[in-house]
1. Sort 298-309, 176-187, 101-112 by packing, meaning the average of other beta carbons within 10 Å per residue, with the highest value first.
2. Give me the one-decimal nm value for the distance between modelled label points at Glu224 and Ala94, 7 Å along each residue's Cα-to-Cβ direction.
3. Just to be sure I understand the curve: with the Debye formula and one point per C-alpha of the range 130-266, what is log10 I(q)/I(0) at q = 0.09, 0.15, 0.17 Å⁻¹?
4. So what's the range 277-336 giving for Cα Rg divided by 2.2 N^0.38 Å, two decimals?
5. Assuming R0 = 30 Å, what is the FRET efficiency of Ser314 and Glu109, from their Cβ-Cβ distance, to the nearest 0.05?
6. Could you give the accessible area per residue of the range 205-333, probe 1.4 Å, as a whole number in Å²?
7. Under a cut-off of 20 Å between alpha-carbon atoms, report the lysines in cross-link reach of Lys114, not counting same-chain residues fewer than 8 places apart.
8. What is the packing order of peptides 281-289, 320-328, taking the mean over residues of other C-beta atoms within 10 Å and listing the highest first?
Amino acid sequence: MRRRRAHRQSVARRRRGKYLLLVGAMVLVLLLAYARHRYPGGRPQPAKPTTEVVRSALQKVAVQYGADQQEVREEGGWLVIPLPGDKSPAVVSAEMLRRAQQLGAGLAEQASGKGWSRLVLRMGDRDLLRVKLVQAQPSEDEGPLVALVIDDFGYSAGELAKGFLELPWAVTVSVIPGLPFSGVIAEQAAAAGKEVMVHMPMEPLHEPVEDRGFTLLVTLSEKEIRERVARALACVPGAVGMNNHQGSRATADVQVMTVLMQELKSRGLYFVDSRTNSQSIALEVAERMQVPCVANATFLDVEPDTAKVHRQLSLLAQVAKRKGKAVGIGHMRRTTYELVRREVPRLQEQGLRFVPVSQLLGLPVPPIAARCEGRNVLIMPG
(Lines give C-alpha, C1' and ligand atoms only; values in the text may rest on other atoms or scores of the structure.)
Protein backbone atom coordinates (compact mmCIF):
# COMPACT_ATOMS: atom_id res chain seq x y z
CA MET A 1 0.00 0.00 0.00
CA ARG A 2 2.78 2.38 0.93
CA ARG A 3 4.70 1.47 -2.24
CA ARG A 4 1.65 2.09 -4.40
CA ARG A 5 1.13 5.58 -2.85
CA ALA A 6 4.81 6.45 -3.38
CA HIS A 7 4.56 5.34 -7.00
CA ARG A 8 1.47 7.51 -7.62
CA GLN A 9 3.21 10.53 -6.06
CA SER A 10 6.29 9.97 -8.23
CA VAL A 11 4.16 9.82 -11.37
CA ALA A 12 2.34 13.02 -10.36
CA ARG A 13 5.63 14.82 -9.82
CA ARG A 14 6.89 13.77 -13.23
CA ARG A 15 3.69 15.01 -14.84
CA ARG A 16 3.90 18.38 -13.05
CA GLY A 17 7.52 18.68 -14.10
CA LYS A 18 6.65 18.01 -17.76
CA TYR A 19 3.78 20.52 -17.55
CA LEU A 20 6.00 23.20 -16.08
CA LEU A 21 8.67 22.54 -18.72
CA LEU A 22 6.03 22.87 -21.43
CA VAL A 23 4.68 26.14 -20.00
CA GLY A 24 8.22 27.51 -19.62
CA ALA A 25 9.04 26.62 -23.21
CA MET A 26 5.89 28.35 -24.47
CA VAL A 27 6.70 31.47 -22.46
CA LEU A 28 10.25 31.46 -23.84
CA VAL A 29 8.97 31.14 -27.41
CA LEU A 30 6.60 34.06 -26.86
CA LEU A 31 9.36 36.20 -25.35
CA LEU A 32 11.71 35.47 -28.24
CA ALA A 33 8.98 36.32 -30.74
CA TYR A 34 8.30 39.63 -28.98
CA ALA A 35 12.00 40.42 -28.83
CA ARG A 36 12.41 39.80 -32.58
CA HIS A 37 9.45 42.08 -33.26
CA ARG A 38 10.48 44.80 -30.78
CA TYR A 39 14.22 44.64 -31.42
CA PRO A 40 14.88 43.48 -34.99
CA GLY A 41 18.53 42.74 -35.57
CA GLY A 42 19.00 42.07 -31.89
CA ARG A 43 19.26 45.76 -30.93
CA PRO A 44 16.76 47.97 -29.13
CA GLN A 45 15.05 50.28 -31.66
CA PRO A 46 14.49 53.91 -30.69
CA ALA A 47 10.95 55.19 -30.50
CA LYS A 48 9.78 57.01 -33.62
CA PRO A 49 10.58 60.71 -33.14
CA THR A 50 7.82 63.29 -33.19
CA THR A 51 8.04 66.56 -35.09
CA GLU A 52 8.23 68.43 -31.80
CA VAL A 53 11.18 66.36 -30.54
CA VAL A 54 13.15 66.79 -33.76
CA ARG A 55 12.35 70.48 -34.01
CA SER A 56 13.51 71.10 -30.45
CA ALA A 57 16.75 69.18 -31.06
CA LEU A 58 17.54 71.07 -34.28
CA GLN A 59 16.84 74.44 -32.70
CA LYS A 60 19.33 73.56 -29.97
CA VAL A 61 21.91 72.86 -32.67
CA ALA A 62 21.18 76.24 -34.28
CA VAL A 63 21.53 78.05 -30.95
CA GLN A 64 24.94 76.40 -30.49
CA TYR A 65 25.95 78.08 -33.76
CA GLY A 66 24.77 81.51 -32.55
CA ALA A 67 21.17 81.59 -33.81
CA ASP A 68 18.67 83.65 -31.82
CA GLN A 69 15.74 81.41 -30.82
CA GLN A 70 13.44 84.46 -30.75
CA GLU A 71 14.03 84.99 -34.48
CA VAL A 72 13.01 81.45 -35.50
CA ARG A 73 9.73 81.54 -37.40
CA GLU A 74 7.27 79.47 -39.46
CA GLU A 75 7.02 80.55 -43.09
CA GLY A 76 5.16 78.71 -45.85
CA GLY A 77 5.45 75.34 -44.16
CA TRP A 78 9.16 75.79 -43.42
CA LEU A 79 10.89 76.30 -40.10
CA VAL A 80 13.08 79.31 -40.93
CA ILE A 81 16.18 79.77 -38.77
CA PRO A 82 18.32 82.92 -39.33
CA LEU A 83 22.03 82.37 -38.68
CA PRO A 84 24.77 84.90 -37.89
CA GLY A 85 26.64 86.19 -40.93
CA ASP A 86 29.82 84.30 -40.02
CA LYS A 87 28.15 80.87 -39.82
CA SER A 88 27.78 78.58 -42.85
CA PRO A 89 24.22 77.30 -43.37
CA ALA A 90 25.63 74.19 -45.11
CA VAL A 91 27.76 73.30 -42.09
CA VAL A 92 24.88 73.84 -39.65
CA SER A 93 22.54 71.85 -41.91
CA ALA A 94 24.96 68.91 -41.91
CA GLU A 95 25.13 68.95 -38.12
CA MET A 96 21.33 69.12 -37.93
CA LEU A 97 21.01 66.11 -40.24
CA ARG A 98 23.44 64.12 -38.09
CA ARG A 99 21.38 64.94 -34.98
CA ALA A 100 18.08 64.13 -36.69
CA GLN A 101 19.39 60.76 -37.86
CA GLN A 102 20.47 59.98 -34.31
CA LEU A 103 16.83 60.46 -33.35
CA GLY A 104 15.68 58.09 -36.10
CA ALA A 105 14.58 60.57 -38.76
CA GLY A 106 15.42 60.04 -42.43
CA LEU A 107 16.58 62.45 -45.13
CA ALA A 108 14.22 63.37 -47.97
CA GLU A 109 16.06 66.37 -49.37
CA GLN A 110 19.13 68.49 -48.63
CA ALA A 111 20.28 71.44 -50.70
CA SER A 112 22.51 74.47 -50.15
CA GLY A 113 23.36 77.68 -51.94
CA LYS A 114 25.05 80.98 -51.21
CA GLY A 115 23.76 82.08 -47.81
CA TRP A 116 21.11 79.36 -47.43
CA SER A 117 20.54 75.67 -46.86
CA ARG A 118 17.42 73.51 -46.99
CA LEU A 119 16.70 70.28 -45.14
CA VAL A 120 13.63 68.04 -45.44
CA LEU A 121 13.34 65.19 -42.95
CA ARG A 122 11.03 62.20 -43.30
CA MET A 123 9.58 59.46 -41.15
CA GLY A 124 8.27 56.58 -43.21
CA ASP A 125 6.20 57.99 -46.06
CA ARG A 126 5.53 61.43 -44.57
CA ASP A 127 7.49 64.66 -44.18
CA LEU A 128 8.53 65.10 -40.58
CA LEU A 129 10.06 68.60 -40.69
CA ARG A 130 11.16 71.14 -43.30
CA VAL A 131 13.97 73.46 -42.21
CA LYS A 132 15.45 76.45 -44.01
CA LEU A 133 18.65 78.08 -42.73
CA VAL A 134 19.29 81.66 -43.82
CA GLN A 135 22.56 83.51 -43.29
CA ALA A 136 22.35 87.16 -42.20
CA GLN A 137 24.17 89.12 -44.89
CA PRO A 138 23.64 92.88 -44.96
CA SER A 139 23.96 94.33 -48.43
CA GLU A 140 27.13 96.24 -49.26
CA ASP A 141 25.50 99.64 -48.79
CA GLU A 142 23.88 98.68 -45.49
CA GLY A 143 25.53 97.67 -42.25
CA PRO A 144 24.13 96.23 -39.03
CA LEU A 145 21.43 98.35 -37.40
CA VAL A 146 21.73 99.65 -33.86
CA ALA A 147 18.89 101.37 -32.01
CA LEU A 148 20.27 103.29 -29.06
CA VAL A 149 17.62 103.96 -26.41
CA ILE A 150 18.30 106.44 -23.61
CA ASP A 151 15.99 106.03 -20.60
CA ASP A 152 14.92 108.24 -17.70
CA PHE A 153 14.24 111.55 -19.45
CA GLY A 154 11.81 113.86 -17.68
CA TYR A 155 13.59 114.70 -14.43
CA SER A 156 15.28 117.77 -15.90
CA ALA A 157 15.82 119.65 -19.13
CA GLY A 158 19.34 120.85 -18.40
CA GLU A 159 22.70 120.61 -20.12
CA LEU A 160 22.96 116.81 -20.06
CA ALA A 161 19.52 116.33 -21.60
CA LYS A 162 20.37 118.93 -24.24
CA GLY A 163 23.63 117.10 -24.99
CA PHE A 164 21.83 113.84 -25.75
CA LEU A 165 19.25 115.59 -27.93
CA GLU A 166 22.00 117.29 -29.96
CA LEU A 167 23.89 114.11 -30.80
CA PRO A 168 24.12 114.01 -34.62
CA TRP A 169 22.76 110.47 -35.01
CA ALA A 170 19.59 108.62 -34.10
CA VAL A 171 18.89 108.26 -30.40
CA THR A 172 15.48 107.06 -29.22
CA VAL A 173 14.47 109.13 -26.20
CA SER A 174 12.45 107.31 -23.54
CA VAL A 175 10.53 109.64 -21.22
CA ILE A 176 9.08 108.73 -17.82
CA PRO A 177 5.50 110.08 -17.63
CA GLY A 178 4.38 112.42 -14.89
CA LEU A 179 7.74 114.05 -14.15
CA PRO A 180 8.25 117.85 -14.10
CA PHE A 181 9.83 117.93 -17.57
CA SER A 182 8.19 114.95 -19.29
CA GLY A 183 6.14 116.96 -21.77
CA VAL A 184 8.88 119.55 -22.39
CA ILE A 185 11.53 116.92 -23.13
CA ALA A 186 9.20 115.02 -25.47
CA GLU A 187 8.62 118.19 -27.49
CA GLN A 188 12.31 119.13 -27.48
CA ALA A 189 13.29 115.63 -28.57
CA ALA A 190 10.90 115.76 -31.54
CA ALA A 191 12.24 119.20 -32.45
CA ALA A 192 15.76 117.76 -32.38
CA GLY A 193 14.83 114.92 -34.72
CA LYS A 194 14.75 112.19 -32.10
CA GLU A 195 12.17 109.41 -31.84
CA VAL A 196 10.24 109.40 -28.54
CA MET A 197 8.97 106.53 -26.39
CA VAL A 198 7.16 106.30 -23.07
CA HIS A 199 9.38 104.82 -20.36
CA MET A 200 6.44 103.11 -18.65
CA PRO A 201 6.79 102.47 -14.90
CA MET A 202 5.98 98.85 -14.06
CA GLU A 203 6.02 96.82 -10.88
CA PRO A 204 9.43 95.31 -9.96
CA LEU A 205 10.09 92.11 -8.05
CA HIS A 206 12.42 93.42 -5.39
CA GLU A 207 12.80 97.21 -5.60
CA PRO A 208 10.35 99.58 -3.89
CA VAL A 209 7.34 100.46 -6.03
CA GLU A 210 7.26 104.09 -7.16
CA ASP A 211 3.62 104.75 -7.97
CA ARG A 212 2.72 108.24 -9.18
CA GLY A 213 -0.47 106.94 -10.73
CA PHE A 214 1.21 105.43 -13.81
CA THR A 215 2.90 102.24 -12.59
CA LEU A 216 1.43 99.02 -13.98
CA LEU A 217 0.87 96.74 -10.98
CA VAL A 218 -0.12 93.09 -11.17
CA THR A 219 -3.01 93.78 -8.76
CA LEU A 220 -4.66 96.34 -11.05
CA SER A 221 -7.86 95.58 -12.88
CA GLU A 222 -7.95 95.57 -16.67
CA LYS A 223 -9.74 98.93 -16.61
CA GLU A 224 -7.09 100.49 -14.35
CA ILE A 225 -4.26 99.23 -16.57
CA ARG A 226 -5.88 100.79 -19.63
CA GLU A 227 -6.42 104.08 -17.83
CA ARG A 228 -2.80 104.26 -16.71
CA VAL A 229 -1.49 103.51 -20.18
CA ALA A 230 -3.70 106.23 -21.67
CA ARG A 231 -2.63 108.71 -18.99
CA ALA A 232 1.06 107.97 -19.57
CA LEU A 233 0.76 108.45 -23.32
CA ALA A 234 -1.01 111.78 -22.77
CA CYS A 235 1.99 112.94 -20.71
CA VAL A 236 4.50 112.19 -23.48
CA PRO A 237 3.27 113.84 -26.70
CA GLY A 238 4.47 112.29 -29.93
CA ALA A 239 5.48 108.93 -28.43
CA VAL A 240 5.50 106.14 -31.01
CA GLY A 241 6.41 103.29 -28.68
CA MET A 242 6.96 102.20 -25.12
CA ASN A 243 9.49 100.34 -22.98
CA ASN A 244 9.34 99.28 -19.36
CA HIS A 245 10.90 101.18 -16.45
CA GLN A 246 11.74 98.46 -13.88
CA GLY A 247 8.91 95.93 -14.39
CA SER A 248 10.59 92.64 -13.50
CA ARG A 249 7.29 91.49 -11.96
CA ALA A 250 4.86 93.11 -14.39
CA THR A 251 6.57 91.91 -17.59
CA ALA A 252 6.18 88.31 -16.38
CA ASP A 253 2.46 88.74 -15.67
CA VAL A 254 0.02 87.48 -18.30
CA GLN A 255 -2.81 89.92 -17.59
CA VAL A 256 -0.64 93.03 -17.45
CA MET A 257 1.18 92.17 -20.68
CA THR A 258 -1.99 91.13 -22.51
CA VAL A 259 -3.88 94.33 -21.67
CA LEU A 260 -0.82 96.48 -22.39
CA MET A 261 -0.32 94.92 -25.82
CA GLN A 262 -4.00 95.37 -26.63
CA GLU A 263 -3.65 99.06 -25.87
CA LEU A 264 -0.46 99.45 -27.89
CA LYS A 265 -1.95 97.60 -30.86
CA SER A 266 -5.05 99.77 -30.86
CA ARG A 267 -2.80 102.85 -31.07
CA GLY A 268 -0.30 101.47 -33.60
CA LEU A 269 2.63 101.64 -31.15
CA TYR A 270 5.60 99.30 -30.67
CA PHE A 271 7.14 97.87 -27.50
CA VAL A 272 10.76 97.45 -26.42
CA ASP A 273 11.21 94.84 -23.70
CA SER A 274 13.94 96.22 -21.44
CA ARG A 275 14.51 92.65 -20.20
CA THR A 276 14.71 93.43 -16.50
CA ASN A 277 13.58 89.84 -15.96
CA SER A 278 14.78 86.83 -17.95
CA GLN A 279 11.30 85.33 -17.40
CA SER A 280 9.59 88.21 -19.21
CA ILE A 281 6.73 87.15 -21.50
CA ALA A 282 6.47 90.53 -23.26
CA LEU A 283 7.89 89.31 -26.58
CA GLU A 284 5.74 86.19 -26.57
CA VAL A 285 2.53 88.13 -25.91
CA ALA A 286 3.44 90.88 -28.38
CA GLU A 287 4.15 88.37 -31.17
CA ARG A 288 0.89 86.56 -30.51
CA MET A 289 -1.02 89.85 -30.71
CA GLN A 290 1.01 91.15 -33.67
CA VAL A 291 2.47 94.13 -31.83
CA PRO A 292 5.93 95.16 -33.17
CA CYS A 293 8.35 94.28 -30.40
CA VAL A 294 12.08 93.87 -29.82
CA ALA A 295 14.12 92.95 -26.76
CA ASN A 296 17.00 94.91 -25.27
CA ALA A 297 20.32 93.22 -26.08
CA THR A 298 22.28 94.87 -23.29
CA PHE A 299 22.22 97.67 -20.75
CA LEU A 300 25.14 100.01 -21.30
CA ASP A 301 25.50 101.48 -17.85
CA VAL A 302 24.20 99.26 -15.06
CA GLU A 303 27.59 100.10 -13.60
CA PRO A 304 28.35 103.72 -14.63
CA ASP A 305 32.09 103.19 -14.81
CA THR A 306 33.80 104.45 -17.98
CA ALA A 307 35.61 101.18 -18.74
CA LYS A 308 32.48 99.10 -18.12
CA VAL A 309 30.26 101.32 -20.25
CA HIS A 310 32.85 101.10 -23.02
CA ARG A 311 32.84 97.30 -22.74
CA GLN A 312 29.02 97.16 -22.91
CA LEU A 313 28.96 99.44 -25.95
CA SER A 314 31.45 97.13 -27.66
CA LEU A 315 29.24 94.16 -26.72
CA LEU A 316 26.24 95.88 -28.29
CA ALA A 317 28.23 96.36 -31.51
CA GLN A 318 29.22 92.67 -31.52
CA VAL A 319 25.59 91.57 -31.11
CA ALA A 320 24.52 93.85 -33.97
CA LYS A 321 27.25 92.50 -36.26
CA ARG A 322 26.33 88.92 -35.43
CA LYS A 323 22.55 89.29 -35.74
CA GLY A 324 22.28 92.19 -38.17
CA LYS A 325 20.55 94.42 -35.62
CA ALA A 326 20.41 95.11 -31.89
CA VAL A 327 18.86 97.44 -29.32
CA GLY A 328 20.94 98.80 -26.46
CA ILE A 329 19.64 100.80 -23.50
CA GLY A 330 21.52 103.47 -21.60
CA HIS A 331 20.48 106.12 -19.11
CA MET A 332 20.73 109.88 -18.95
CA ARG A 333 24.11 109.87 -17.21
CA ARG A 334 27.22 111.92 -17.85
CA THR A 335 29.47 108.85 -18.31
CA THR A 336 27.06 107.33 -20.81
CA TYR A 337 26.83 110.58 -22.76
CA GLU A 338 30.61 111.01 -23.00
CA LEU A 339 31.20 107.41 -24.10
CA VAL A 340 28.41 107.47 -26.67
CA ARG A 341 29.56 110.83 -28.06
CA ARG A 342 33.12 109.54 -28.41
CA GLU A 343 32.57 105.94 -29.54
CA VAL A 344 29.59 106.01 -31.91
CA PRO A 345 31.56 107.73 -34.73
CA ARG A 346 34.17 104.97 -34.45
CA LEU A 347 31.44 102.30 -34.66
CA GLN A 348 29.90 104.05 -37.66
CA GLU A 349 33.27 103.77 -39.41
CA GLN A 350 33.01 100.01 -38.86
CA GLY A 351 29.73 100.01 -40.80
CA LEU A 352 27.18 100.13 -37.98
CA ARG A 353 24.12 102.26 -38.68
CA PHE A 354 22.41 104.00 -35.75
CA VAL A 355 18.68 104.20 -36.40
CA PRO A 356 15.41 104.86 -34.51
CA VAL A 357 13.70 101.82 -33.03
CA SER A 358 10.94 102.15 -35.66
CA GLN A 359 13.44 101.63 -38.46
CA LEU A 360 15.10 98.69 -36.73
CA LEU A 361 11.64 97.07 -36.46
CA GLY A 362 11.04 97.66 -40.16
CA LEU A 363 8.20 100.09 -39.48
CA PRO A 364 7.54 103.33 -41.34
CA VAL A 365 9.51 105.97 -39.46
CA PRO A 366 7.03 108.73 -38.57
CA PRO A 367 7.69 112.32 -39.68
CA ILE A 368 9.50 114.26 -36.96
CA ALA A 369 10.52 117.88 -36.57
CA ALA A 370 14.25 118.48 -36.96
CA ARG A 371 16.53 121.47 -37.07
CA CYS A 372 18.17 122.18 -40.40
CA GLU A 373 20.54 125.12 -40.69
CA GLY A 374 18.89 126.86 -37.78
CA ARG A 375 15.34 126.44 -39.13
CA ASN A 376 12.65 124.01 -38.01
CA VAL A 377 11.60 121.78 -40.91
CA LEU A 378 9.60 118.56 -41.25
CA ILE A 379 11.72 115.67 -42.49
CA MET A 380 11.50 111.92 -42.95
CA PRO A 381 14.63 110.29 -41.54
CA GLY A 382 16.25 107.74 -43.83
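1. Packing proxy ranking, top to bottom: 176-187, 298-309, 101-112.
2. 6.0 nm
3. Each listed q corresponds, in turn, to -0.33, -0.77, -0.91.
4. That works out to 1.30 for the range 277-336.
5. FRET efficiency, Ser314 to Glu109: 0.15.
6. Per residue, the range 205-333 has an accessible area of 45 Å².
7. Correct list for Lys114: Lys87, Lys132, Lys321, Lys323.
8. 320-328, 281-289
The values are calculated or read from the model by the stated rules, or taken from the named source; none is laboratory data. As the structure is a computational prediction, the values presented were derived from the model and not from experiment. As a convention, Cβ positions derive from the backbone with ideal geometry for all residues, glycine included, and neighbour counts pool all protein chains shown. Keep in mind that these areas ignore ligands, DNA and RNA; they rest on the heavy atoms of the full protein, side chains included. Shrake-Rupley method; radii C 1.70, N 1.55, O 1.52, S 1.80 Å.
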